[in-house]
Amino acid sequence: MYTFHIKDDGPDIDIIVTRAMLAIAAVACYVYRTDDLIYLNSIAALLLIVIAVFVKTILLKFNISRLIVLSVAAIILFIATRSIIFGAILLIYGTVVKRFYKKPFIQISKEGIVIKKIWSGPVQPWTAFNNVIIKDNLLTIDFTNNKLYQVTVEEDMDEFGEGEFNAFCSALLRNSS
């Protein structure tokens, strides 16, 4: 059995989740405003929206930790809403999502192929594929329904070799047809 971890999917999920949480925090600033602090709440909501829009640049280009960004957002949310609960929920949810994220993988065995992204998919039997090949850490899965799936894998192919893996897949494809 071969298991391949799909490369570079984590940062994309981080950005999407962080952006969504910042947008929800901005909405909370605006919805839970008080009349005496309406300008402060509006500025806080606008600031959180701006951070949400530029979160990819903040996280990747400036290499600022996601926890720091969420902490700043929690402080802004606390100042705007005067509720420590909103800031705490933002921080707790932000850390919990990161802890439960599992890296997507592809598992190839004699029974078939499982492609697991967010939720585990069913085992696809070998009859569902025309070809499965790996070359230069690029795994290509050609389905019989003309669907083509290509991913870059993290595994170093020196462990078992591309030739050995490709021969394994070819033998199972020949036996299934």
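The values are calculated or read from the model by the stated rules, or taken from the named source; none is laboratory data. The model shown is predicted, which means the values in this text are computed figures rather than measured ones. Don't worry about glycine lacking a Cβ; one is built from the backbone with ideal geometry, like all the others, and counts go over all protein chains shown. For accessibility, only protein heavy atoms count, side chains too; no ligands or nucleic acids. Shrake-Rupley method; radii C 1.70, N 1.55, O 1.52, S 1.80 Å.
Could you go through region 163-175 and let me know if any residue there is within 19 Å of the chain's Cα centre (by Cα) and either closer than 30 Å to residue 52 by Cα or aromatic (Phe, Trp, Tyr) (or both).
No, because not a single residue in region 163-175 is within 19 Å of the chain's Cα centre (by Cα) and either closer than 30 Å to residue 52 by Cα or aromatic (Phe, Trp, Tyr) (or both).
Given the conditions (1) in contact (Cβ under 8 Å) with a residue 40 or more places away in the chain; (2) open to solvent by 60 Å² or more (accessible area, probe 1.4 Å); (3) more than 30 Å from residue 168 (Cβ to Cβ), and given that residue 5 satisfies all but one, which numbered condition is not satisfied?
That leaves (3) as the condition not met.
Restricting to strands (runs of 3 or more DSSP E) lying wholly in region 111-177: which have 1 or more residues that are surrounded by fewer than 13 Cβ atoms within 10 Å (Cβ to Cβ) and without any contact (Cβ under 8 Å) to a residue 60 or more places away in the chain?
129-135, 138-143, 148-152
Can you report the number of residues in region 67-110 which are open to solvent by 30 Å² or more (accessible area, probe 1.4 Å) and under 20 Å from the mean Cα position of the chain (by Cα)?
Summing the residues that are open to solvent by 30 Å² or more (accessible area, probe 1.4 Å) and under 20 Å from the mean Cα position of the chain (by Cα) in region 67-110 gives 16.
Return the total of residues in region 50-66 being of a type in the set (S, T, N, Q) and open to solvent by 70 Å² or more (accessible area, probe 1.4 Å).
Total meeting the criteria: 1.
Inspect region 146-161 for any residue being closer than 13 Å to residue 2 by Cβ, at pLDDT 90 or above and under 25 Å from the mean Cα position of the chain (by Cα) and give the result as yes or no.
No - not one qualifying residue is present in region 146-161.
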